[in-house]
Amino acid sequence: MKTESKPAEAGAGASSEKWLRMYRGMQMIRLFEEQVNELYTRAVMPGLAHLYIGEEAVAVGICDALNRDDYITSTHRGHGHCLAKGASPDRMFAELLGKEAGYCRGKGGSMHIADPASGNLGANAIVGGSAGIATGAAFSAKHRGTKQVAVCFFGEGALGQGLLYEVMNLARLWNLPVIYVCENNMYNEYTHFSETTAGEVLARPAAFGIPAESVDGQDVRAVNAAASHMVEQARAGNGPGFLLCNTYRYHGHHVGDVSRDYYRAKQEEQKWRAERDPIKVLSEWLLGEKLAAQAQLDEIQAKAKSEIDAAVAFALAAPYPGVDQVGEDVYA
Amino acid sequence: MPEVAVRELTMAEAVREALSEEMRRDPTVFIMGEDVAEAGTPFKVLSGMVEEFGKSRVIDTPISEPGFTGIGVGAAMTGLRPVVDIMFGDFLTLVMDQLVNQAAKVHYMSGGAWKVPMVLRTTLGASRRSAAQHSQSLQAWLSHVPGLKVVLPSTPYDAKGLLKTAIRDDNPVIFFEDKMMFRLKGPVPVEDYTIPFGVADIKREGEDITLVATSSMVQVALGAAKLLEEIGISAEVVDPRTTWPLDEKTLIESAKKTSRAIVIDEGYERYGVTAEIASVIATGAFYDLDAPVKRIGAMHVPIPFSPPLEDATIPTDKTVFEAARAMCKRS
């Protein structure tokens, strides 16, 4: 199990720039999601909100290993993936509030953010539902000879879905440049994954001959190192990879899932927050290695905060779509 | 008008010719499905195509309908034009999430940002003694879903022109072929042509009664029309060709002209294609109708195996003839 790697050829300057970029990326997601929580709790945001807080290192570590024109598919808990792949928070918030300026003109909402400009094929609210689309994008990249790679994000709940195994079989058979990223936050909604998942997770990709790795999903450097290796392999024509990221969802399944005692203990949540927080893990390492000063990190956070605040203000002020748009975009 | 070269092709040949021409014209078009390459499908519709286009464009898949249909959706979103082959229409049940929750909704949910230019070819039709899991006509299920287009060709000419339109369309299109009609012959021009969606075709003109029929039922309606002619009833046979988009105008106008209409489709009668079309006619031609619109579809039973039982479940020339005669009050 690989947990850490540093690019040997990169100097301290290049390296710290990269980790600071990821620090900022994780802060953006954390601050974005805190605002989502706030907007939802104040009843400004309609629908459902599934927060990514606690899992930031996964999206950021993986998307930093990708090019802008590489593809991702995301999940119902997808805000982190979308932001990390390059979506801008103002149009994200606008979509979350159902505004016309949103990425989907208000037609998709929180669970369906899609953005061709950043290679985001869309968040999917069917658990495991995007495995076909991601694998198809990889098929297309190979067929067209573009060297693009596709990443399929899914939660461990999707391990129960048959589609995933069908496309893993196909991806190996056809040597497709796709990476299956399993975010194991330990809970399928309100049920511990051990109650739903037989056998070992990594035995699944192994059965198809897909190279697989398990990483500490709270350590963005570990995630990024493993992802970079798999992306490199996929781009070189060596086919699919499977990355199991062990992580934790700080909040409930959705905002409003407040009484969680029946499925997990408060102490468990507190322990992860205190000891395994991805932002803390990275910042402590940056400070310890003297790759950044506290003031620098504070400044990054403050800038991120004002960007998020401005994005929220933009979305709140943005108009709703006219009802005349309801019939548009059914057909291309 | 210049002389146009016309040959007789079978339905299977017309489908194959449409696919081949589109694959020559557009390198992004490819076919994917179970036993489509060397085998050319169990119905031999695609025979010879892998020899011309190679295995990278005529692609055999494992028996994983949801998996390769999902791959089709993703490939369509990212620059290719897949033609996904689902051997039996009954297997549509396996790919419903990929069609209904994914392909049909991607364009809308993304506010128009992504498109899914994919064709899914599949079969319909009973009377092949294939029993309940290889005989259904499930076009109503997919016609129900916004975002999909549904095509039901009834002649080699229509099959070729409509399939070319389907491949060039930027939306997911479900293309149903009646597996009992692959050997049916009909005239097909040599020249390139397409047939627009949402334009019904009057297969036979008549004055006394309108028979609206889809796919396999067009031949049944034409057979019934011949029987009706013998007793002095002039039947008009209208083929909508696509259930969505639906050419409501032509259906209503024909019913207004004849004042009677029967709708025939091989899908289950209850909650089926016939119900929707009958409603369109009943609403649009209400004041011109002499009788309630009648519907004829498959019986509300799983398709049985035993030949006399199976034959009792699907509409025939004779059942349509009897219904039309009764509606026209002739003995």
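The values are calculated or read from the model by the stated rules, or taken from the named source; none is laboratory data. Note that the structure is a prediction, hence the values are computed from the model and not measured. Don't worry about glycine lacking a Cβ; one is built from the backbone with ideal geometry, like all the others, and counts go over all protein chains shown.
Among the criteria (1) within 14 Å of chain B (Cβ to nearest Cβ); (2) part of a loop (DSSP other than H, G, I, E, B); (3) among the hydrophobic types (A, V, I, L, M, F, W, C), the one residue A:171 does not fulfil is (2). Is it the case that residue A:292 is out of contact with any Gly (no Cβ under 9 Å at 6 or more places or on another chain), in a helix (DSSP H, G or I) and either aromatic (Phe, Trp, Tyr) or at pLDDT 95 or above (or both)? Considered against the rule, which asks whether it is out of contact with any Gly (no Cβ under 9 Å at 6 or more places or on another chain), in a helix (DSSP H, G or I) and either aromatic (Phe, Trp, Tyr) or at pLDDT 95 or above (or both), residue A:292 comes out as no.
Taking the condition in contact (Cβ under 8 Å) with a residue 40 or more places away in the chain, out of contact with any strand residue (DSSP E or B) (no Cβ under 9 Å at 6 or more places or on another chain) and surrounded by 24 or more Cβ atoms within 10 Å (Cβ to Cβ), does residue A:178 pass?
Working: in contact (Cβ under 8 Å) with a residue 40 or more places away in the chain: yes; out of contact with any strand residue (DSSP E or B) (no Cβ under 9 Å at 6 or more places or on another chain): no; surrounded by 24 or more Cβ atoms within 10 Å (Cβ to Cβ): yes.
Here the answer is no, as residue A:178 does not meet what is asked.
In this structure, residue A:72 qualifies as within 13 Å of chain B (Cβ to nearest Cβ), outside any helix (DSSP H, G or I) and closer than 27 Å to residue A:252 by Cβ. Applying the condition of being in contact with a Leu (Cβ under 9 Å, 6 or more places away or on another chain) and either modelled with pLDDT under 95 or in a helix (DSSP H, G or I) (or both) to the range B:73-95 and asking which residue is nearest to the other protein chains (Cβ to nearest Cβ) yields B:74. Looking across the range B:74-102, the residues that are among the small types (Gly, Ala, Ser) and buried (at least 21 other Cβ atoms within 10 Å of the Cβ) come down to B:74, B:75, B:76, B:89. Picking from residues in the range A:1-31 that are farther than 21 Å from residue A:89 by Cβ and part of a helix (DSSP H, G or I), the one that is modelled with the lowest pLDDT is A:12. Candidates A:166, A:183: the one that is of a type in the set (D, E, K, R), buried (at least 23 other Cβ atoms within 10 Å of the Cβ) and more than 27 Å from residue A:89 (Cβ to Cβ) is A:166.
So, in the range B:101-144, exactly how many residues are more than 10 Å from chain A (Cβ to nearest Cβ), within 25 Å of residue B:275 (Cβ to Cβ) and either touching a helix residue (DSSP H, G or I) at 6+ places or on another chain (Cβ under 8 Å) or small (Gly, Ala, Ser) (or both)?
Of all residues in the range B:101-144, those more than 10 Å from chain A (Cβ to nearest Cβ) come to B:119-144.
After this cut, where a residue has to be within 25 Å of residue B:275 (Cβ to Cβ) as well, the list is B:120, B:122-127, B:132-144.
Going one step further and asking which of them are either touching a helix residue (DSSP H, G or I) at 6+ places or on another chain (Cβ under 8 Å) or small (Gly, Ala, Ser) (or both), we end up with B:120, B:122-127, B:132-143.
Adding up the residues that qualify gives 19.
As a summary of the residue check, residue A:331 satisfies the conditions (1) within 14 Å of chain B (Cβ to nearest Cβ); (2) aromatic (Phe, Trp, Tyr); (3) exposed (fewer than 13 other Cβ atoms within 10 Å of the Cβ) except for the one numbered (3).
Filter the range B:145-172 down to the residues that are acidic (Asp, Glu) and within 14 Å of chain A (Cβ to nearest Cβ) and list them by number.
Kept after step one, since they are acidic (Asp, Glu), are these residues of the range B:145-172: B:158, B:169-170.
Across the range B:145-172, the qualifying residues are B:169, B:170.
Here residue B:131 passes the criteria (1) touching a residue at least 12 places away in the same chain (Cβ under 8 Å); (2) crowded, with 18+ Cβ neighbours inside 10 Å; (3) over 13 Å from the mean Cα position of the chain (by Cα) except the one numbered (2).
Taking the range A:86-126 as the search range and keeping residues that are outside any loop (DSSP other than H, G, I, E, B) and among the hydrophobic types (A, V, I, L, M, F, W, C), which one is nearest to the other protein chains (Cβ to nearest Cβ)? I'd like the intermediate steps shown before the answer.
So in the range A:86-126, the residues outside any loop (DSSP other than H, G, I, E, B) come out as A:89-96, A:110-112, A:115-118, A:120-123.
Going one step further and asking which of them are among the hydrophobic types (A, V, I, L, M, F, W, C), we end up with A:92-94, A:96, A:111, A:117, A:121, A:123.
Values: A:92: 13, A:93: 15, A:94: 11, A:96: 14, A:111: 9, A:117: 9, A:121: 6, A:123: 9 Å.
Taking the candidates together, the pick is A:121.
Hey, does the range A:129-151 have a residue that's more than 7 Å from chain B (Cβ to nearest Cβ), within 30 Å of residue A:324 (Cβ to Cβ) and not polar (S, T, N, Q)? No, the range A:129-151 has no match at all. Applying the set (1) part of a helix (DSSP H, G or I); (2) crowded, with 21+ Cβ neighbours inside 10 Å to residue B:20 leaves exactly one unmet item: (2). When restricted to residues that are modelled with pLDDT of 95 or more, surrounded by fewer than 19 Cβ atoms within 10 Å (Cβ to Cβ) and under 19 Å from residue B:261 (Cα atoms), the range B:296-331 contains 7. The condition (being out of contact with any Gly (no Cβ under 8 Å at 6 or more places or on another chain) and within 30 Å of residue B:118 (Cα to Cα)) is satisfied by just one residue among A:256, A:327: A:327.
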